[in-house]
Structure formats: structure tokens, C-alpha cells
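Some notes on the structure that comes next.
The values are calculated or read from the model by the stated rules, or taken from the named source; none is laboratory data. These numbers were taken from a predicted model, which means no experiment stands behind them. Here the Cβ is made from the backbone with ideal geometry for all residues, glycine too, and neighbour counts use every protein chain on show.
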Amino acid sequence: MPGFQRLDLGCGAKRRPGFLGLDRFALGGAHVLADLDGGHLPFADASFDLVLAFHSLEHVADLVATLREVWRVCRPGAEVCIVAPYYTSSLNLANPYHKQAFNEHTPRFWTNAPTCAVDGEEWRQPPLGGQWGLASSDHSDPGFDLRCLRIEFFYFAEYWGLAPAAQRLARRTRIDVCEQLLYHLRAFKSPLTEADAAAWSAADLYQPPELEDRRRAAQESGSGGFLRRWLRL
């Protein structure tokens with residue numbers, strides 16, 4: 001659709017300024033009605049500079065096929081911003097409408113790039129291998145390449161005051177530690193080169209405004225002391 005360079009997948013009732021809204025239901029925010037599981041997004045190749053999926057991709061039946069379409073409609077280097085529930089939130093585990101799991105490892109299956117900009121402390125778990133990209137780990141080609149620039153974790157309030165290492169340990173060993181997470185990625189495709197990808201920065205990425213209050217509260221919180229004693233972290 002002329003005039004739009006940003007796409008909001010699963011926009012629901014909210015119409016974001018500057019975004020072309022797509023949803024399978026006519027809830028008031030959608031410019032375009034289409035199903036993310038329909039096999040084809042109704043846009044030409046390389047149509048968008050930014051694709052946002054805010055709590056929508058957990059509902060798709062075939063995540064690889066959907067992301068293949070997202071990558072197709074992205075221009076080279078386009079930003080892909082995904083917000084999704086963290087997989088060990090008990091609400092997510094109980095939700096029968098959630099069909100996909102998202103954690104710190106999920107975007108490793110969206111590229112074969114051996115390294116990424118995400119701090120290795122967030123995803124390396126010895127004695128497993130240290131390579132980031134696992135897209136071809138089942139000996140197939142997913143048909144897209146999304147390079148992750150950053151992952152942000154949004155913790156439940158009880159964990160706000162813990163040090164990052166303690167948050168990571170709790171996240172990996174307990175449920176209801178992290179409520180949701182944010183991925184910032186870019187679409188790697190021709191004519192881009194590995195040198196182009198190496199120059200990408202995590203600065204000036206799109207920040208969904210819905211997350212600002214949660215981020216600010218966590219940053220300003222001094223809580224977590226009782227959890228340090230309880231968890232012995």
C-alpha cells in the first residue's frame with residue numbers, strides 16, 4: 001500500500017501512526033485483513049523498512065513459514081521487531097491459543113550466522129556448542145536470514161532488583177521469572193554482505209511505546225533483596 005514503510009503484524013484494534021496494520025480480524029486497527037497462517041502476505045517483495053510483531057507470532061501455527069514471508073517483504077537491512085511472551089511464564093504455558101515458544105535461543109534458528117551481537121552470557125550454556133546460528137541444524141534451509149542485534153528481557157517485579165547474572169540463573173531454572181521479551185533483528189539479504197551486517201548497530205532501533213512504563217519501573221526499582229537471600233544468589 002503506497003505511503004507506508006512500516007508494517008504492524010497482528011495490530012488488533014490499535015492503529016499505530018505511520019504503520020500499515022494487518023490483522024485477520026476487523027477490529028478497527030487493520031488496514032489489511034490477512035491471516036499470518038495464510039501462506040502469503042499480500043505485499044510485494046522488499047516493501048518495508050520495519051516490520052513489527054507485538055504479541056502476535058505466538059499465535060501462528062508455522063513460525064518458520066511466517067518468518068519466511070516477513071523476510072520476503074523486508075527490504076535489505078530492514079528492522080524486524082518482535083515482542084512475545086517468555087516461554088516459562090505460567091500464563092503462557094496455560095494459554096491454549098499460544099502455539100510457539102520464545103526464549104533466548106529462539107532467534108538462533110532464524111540464521112546460520114556463527115556469531116551475533118547478543119551478549120553470549122545470555123544464551124551460551126556449556127557444554128553445548130558456542131555457535132549462535134542453528135537455522136540448518138536439521139539439515140534443511142528455512143529460506144530466510146534474520147540477524148539478531150539485541151534481546152531485552154522483561155522480568156516479573158520480584159526479580160527487578162537482581163543483578164543480571166542472578167536474573168539469568170533464575171530465568172533458566174524457574175518459572176514466572178520473565179514475562180516477555182523483545183527481539184531486534186535485521187533482514188539479511190542480497191545485495192548485503194557480511195561486512196554490512198558487521199557494521200549494524202543496536203542504536204536507534206524501534207522501541208514499542210507499550211514497553212516504556214515496564215522498562216522504567218524495572219530500572220527505578222530497588223527491589224530484589226529478599227530474593228537474593230531466598231535464592232542464595
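The set of residues from the stretch 9-41 being over 25 Å from residue 96 (Cβ atoms) and surrounded by 13 or more Cβ atoms within 10 Å (Cβ to Cβ) comprises 15, 16, 19, 20, 21, 31, 32, 41. Look at residue 165 and say whether it is crowded, with 17+ Cβ neighbours inside 10 Å, in contact (Cβ under 8 Å) with a residue 12 or more places away in the chain and aliphatic (A, V, I, L, M). Criteria not met by residue 165. Figure legend. Inter-residue proximity from the stretch 126-141: first residues under 11 Å from residue 112 (Cα atoms), second residues part of a loop (DSSP other than H, G, I, E, B) and among the acidic types (Asp, Glu), beta-carbon distance below 8 Å, spacing 6+ or different chains. Indicated pairs: 135/141; 135/145. Would you tally the residues in the stretch 75-106 being of a type in the set (D, E, K, R), surrounded by fewer than 18 Cβ atoms within 10 Å (Cβ to Cβ) and either without any contact (Cβ under 8 Å) to a residue 24 or more places away in the chain or under 22 Å from residue 133 (Cβ atoms) (or both)? So the count comes out to 1.
In this structure, does residue 114 turn out to be surrounded by 12 or more Cβ atoms within 10 Å (Cβ to Cβ) and either at pLDDT 95 or above or on the phi > 0 side of the Ramachandran plot (or both)? In short, no.
Among the residues that make up the stretch 125-132, is at least one of them of a type outside the set (Gly, Ala, Ser) and either in contact with a strand residue (DSSP E or B) (Cβ under 6 Å, 6 or more places away or on another chain) or surrounded by 15 or more Cβ atoms within 10 Å (Cβ to Cβ) (or both)? Let's see the steps before the verdict.
The first filter runs over the stretch 125-132 and keeps only residues of a type outside the set (Gly, Ala, Ser), leaving 125-128, 131-132.
Adding the requirement that they be either in contact with a strand residue (DSSP E or B) (Cβ under 6 Å, 6 or more places away or on another chain) or surrounded by 15 or more Cβ atoms within 10 Å (Cβ to Cβ) (or both) leaves 132.
Checked the stretch 125-132: at least one residue is of a type outside the set (Gly, Ala, Ser) and either in contact with a strand residue (DSSP E or B) (Cβ under 6 Å, 6 or more places away or on another chain) or surrounded by 15 or more Cβ atoms within 10 Å (Cβ to Cβ) (or both).
With a cut-off of at least 2 residues that are under 16 Å from the mean Cα position of the chain (by Cα), name the strands (runs of 3 or more DSSP E) lying wholly within the stretch 16-100.
By residue number, 48-54, 74-85.
The residues in the stretch 16-39 that are at pLDDT 95 or above and among the aromatic types (Phe, Trp, Tyr) can be counted, and the count is 1. Taken as a whole, the condition of being touching a residue at least 60 places away in the same chain (Cβ under 8 Å) and in a loop (DSSP other than H, G, I, E, B) applies to residue 144. Among the residues of the stretch 21-40, those that are closer than 20 Å to residue 84 by Cα and of a type outside the set (Gly, Ala, Ser) comprise 22, 23, 24, 25, 35, 36, 37.
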